[in-house]
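These notes are about the structure you will find just below.
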Amino acid sequence: MNKIILFYVLLLSSMMAFSQEYLITNGTITTCSGTFLDTGGTGSNYSNNESFVYTICPENAGQLMQLDFTAFSTQPNADTMIIYDGDDTTANAFGTFSGTTGPGFVSATASNTSGCLTIEFTSNDSASTDGWQATISCFEPCQDIVSQIDSSSPSPNADGYVRVCVGEDITLTGSGQFSQDGTGATYQWDLGDGNTVDGQTATFSYNAPGVYIVNLNINDTNTSIDPDGCSNANLINQVVQVGTIPDFTGTEAADPVICFGESTTIDGVVSAVDFINDCTPPVSGTTFLPDGSGAFYETCITVDCYDSSQTLDDVDQLIDICLKIEHSFLGDLHIVIKSPNGQTAILHNYPGGSGTYLGAPIDNDSNLDPGVGADYCFSMSGAVTLVNGPTENLGTGTAKSPGTYLPHQAFDSLLGSPLNGDWCIQVTDNLSSDNGYIFSWGLEFDPAILPPELSFTPVITSESWDPDDTIVNTTGTTITVEPTTAGTHCYTYRVTDDFGCEYTEEVCIEMNPEIIHAAPNNLTICDSTTPPYIFDLTQNEAVVLGPSPNPTDYVVTFHNSLTEAENDTGAIDATTAAAYSGTNGEVVYVRIEYLESGCYEVESFTLTLSALPVINSVSDILVCDDESNDGVAQFDLTTQDAGILGTQPAADFTVSYHASFADADTNT
């Protein structure tokens, strides 16, 4: 008889397995699919006086069982189901369920090495209901994956930061530690600038100075939980600091344009540029608060500049929360700050504030135009709450005075909140009538909580000018340059910082062409008259410009002193220069200046009054005619030179002879 009963049970189990429907009984099944039902199946109630312990186990080692109850109904507080996280009733229980409060979705936990779920059901003798229906499934739990960096080029410094220059390649190689098996795992580097690189080794660079946080994300091949596979839970948070470009302000020439033959100095000046992580949270935009009875409004800002693990650890770290707001009835409002993980603190509690305004609203429900907002801040340094604060007329009626107030609920309720993420202001308008606007809001954290690695200042380790033959002197970082040719001459100032980055600044000067000219002639006139003595200075223009290939490039002026010539003042005008009244031994200065550059040369010449020569009387020359007696003979007139000059030095004079007085007077 027992054999027949066993055969019947096996046959029934086989039929149930085929149909994927499993009715509760005493025993254990192994499956990863099907429907778990009460003894009544899909069409009838379960029976009275039932008592079953039923264990459902996954098909493969390492899997965990899941039950998703899509229907549940038992006699409340009489017919009960207990679900255990294990393969018997000694395991921890998820709870006791009856009535219409069913288990919902139940999953074996990772600590449950059997992966089984055990269901204990009992019913009394009085009544029964529809029972339950649950979908059976299995899943493979995620293994523990820890990502790590195996090598870095460049290597991190003593503080663990990788320091590079803009555009410099970084190569990181990483791997994962797997609690089970890493075969087939995928690797992706998050570079912290919105870019990613696939593979265990990544070579990349950054095109802007700053701080970047690099992480390695690993996914294995277990897609039973996530289509992309299970991921590592840790963050490497490798800090990469990309050096700032230094400031070369002040690296310049004393005279960027010089004249031929001159020199100038060039100062080398460099200052390191700080990179300061500006972690001032953004300020929200405008949010309309329309009239509503129990209406809820939310406006959020995203904070993303702190370490991923940083939390609010002290209420003093949250300096204040400020809103620029107008509303025609403070007593309507309930205002809450919500942190990224859902923790909240009440800034203003409903009810409270009577008919007091916030700001200067337009108290007309049909008018949706904004009024004028006022600034209200909430801080633990405030003296009173907003509802107990002073009032004043801000233009349209009695309003709470702008200022800083205590929040209704201390910021202690926000402790433990992550700093990064969405921070939100939630406003509930609890009564009909009245509207308003939040024009903007923001919050301020203590700057002292900024992660030190997110800001840096490079140190200049070396600075010098590149060698150049035209550098004639170096004093510190100042050079004196004296080019020998006209044209553009450039000099390079080179600096290196403690990131190993090299930067250069080029300073160019322009040397103007050489002024090609000749020395002027001294001007001499004969002292044959009484003053004034007239000299034509302009005849020296052609003399000084004679060698120049382009005389029209210059302007020539005459001056009475060297100072005036150098300063280009007191120039003798052209008319006066052509008939200049000078004195014996007077020096005149001529300035030859380039029209385009302003470069010039100054030369001088002397005005001389020369005394008239003395013409001594000499005897006539008498010769006898030759035998032809033709009245013609040869005379050597130069024999008279010595007699005419007398004691005057022959080298100082030229004696010439003429056929008539008129010819002699005109030297023709």
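Computed over the alpha-carbon atoms, the range 476-527 gives an Rg to Rh ratio of 1.43, Rh here being the Kirkwood radius from the mean inverse distance.
Kirkwood hydrodynamic radius for the range 172-232: how many Å is it when counted over pairs of different Cα atoms? Don't jump to the answer; show the numbers that get you there.
Numbers: mean 1/r = 0.0789 Å⁻¹.
So the Kirkwood estimate lands at 12.7 Å.
Within the range 88-194, the proportion of Cα pairs with more than 19 Å between them is 68 percent. Dividing the mean sequence gap of close Cα pairs (under 8 Å, 6+ apart) by how many residues the chain holds gives a relative contact order of 9 percent. Taking the longest Cα principal axis of the chain as reference, the axis of helix 2-19 is set at about 30 degrees. Once the Kirkwood radius over Cα pairs is known for the range 412-523, the Stokes-Einstein relation at 4 °C and 1.567 mPa s delivers a diffusion coefficient of 58 µm²/s. Phi-derived couplings, Karplus 6.51 cos²θ - 1.76 cosθ + 1.60 at θ = phi - 60°, listed residue by residue for the range 216-230: 10, 9, 10, 10, 8, 8, 7, 9, 6, 9, 10, x, 8, x, 7 Hz, with x used for Gly and Pro.
Relative to the current alpha-carbon distance between Ser205 and Glu444, full extension at 0.36 nm per residue lengthens the span by 82.8 nm.
How high is the relative contact order of the range 442-504? Use alpha-carbon pairs under 8 Å, at least six apart in sequence, and give a whole percent. Don't jump to the answer; show the numbers that get you there.
Details: 63 pairs, mean separation 21.2, N = 63.
Here the relative contact order equals 34 percent.
When the P(r) of the range 32-114 is calculated, the portion above 17 Å amounts to 51% of the C-alpha pairs. Averaging sequence separations of C-alpha pairs under 8 Å and six or more residues apart, then dividing by the length of the range 186-266, give the relative contact order as a whole percent. That works out to 24 percent. Dipole magnitude for the range 166-281: computed about the Cα centre from +1 point charges on Lys and Arg Cβ and -1 point charges on Asp and Glu Cβ, it is near 320 debye.
Using equal-weight Cα scatterers in the Debye expression, the normalised intensity of the range 511-668 in log10 at q = 0.09 Å⁻¹ is -0.50. Measuring from each cysteine beta-carbon in the chain, the ones with no other cysteine beta-carbon under 4.7 angstrom are Cys526, Cys624. Rounded to the nearest 20 debye, the dipole size of the range 474-545 about its Cα centre is 300 debye, using +1 on the Cβ of Lys and Arg and -1 on the Cβ of Asp and Glu.
Tally Lys and Arg at +1 and Asp and Glu at -1 over the other residues with C-beta under 13 Å from the C-beta of Gly294: what net charge comes out? So the surrounding residues net to -3.
Along its principal axes, the range 533-594 has C-alpha extents of 34, 23, 20 angstrom, given from the largest down. Calculated on C-alpha atoms, the gyration radius of the chain divided by its Kirkwood radius gives an Rg/Rh of 1.40.
Dipole of the chain computed with +1 at Lys/Arg Cβ and -1 at Asp/Glu Cβ about the Cα centre; of Asn512, Ile225, Ile621, farthest Cα towards the positive end is Ile225.
How long are the semi-axes of the equivalent ellipsoid of the range 552-624, defined as square roots of 5 times the Cα gyration tensor eigenvalues? Whole Å, largest first.
On the way: eigenvalues 360, 42, 22 Å².
So the three semi-axes of the range 552-624 are 42, 14, 10 Å.
Can you give the translational diffusion coefficient of the range 224-285 in µm²/s, computed by Stokes-Einstein from the Kirkwood radius over Cα pairs at 37 °C and 0.692 mPa s? Each step should come with its number before you reach the end.
On the way: Rh = 18.4 Å.
Calculated translational D: 179 µm²/s.
Pairwise inverse Cα distances across the range 585-652, averaged and inverted, put the Kirkwood hydrodynamic radius at 17.7 Å. Estimated translational diffusion coefficient (Stokes-Einstein, Kirkwood radius over Cα pairs, 37 °C, 0.692 mPa s) of the range 514-558: 268 µm² per second. Over the range 157-271, the alpha carbon radius of gyration divided by the compact-protein estimate 2.2 N^0.38 Å works out to 1.76. The separation of the range 436-469 from the range 524-574, counted between C-alpha centres, amounts to 64 Å.
Just so you know, all these numbers are worked out from the coordinates, no wet-lab data involved. In this text, all values refer to a predicted model and were calculated from it rather than measured experimentally. Neighbour counts run over all protein chains shown; Cβ positions are idealised from the backbone, glycine included.
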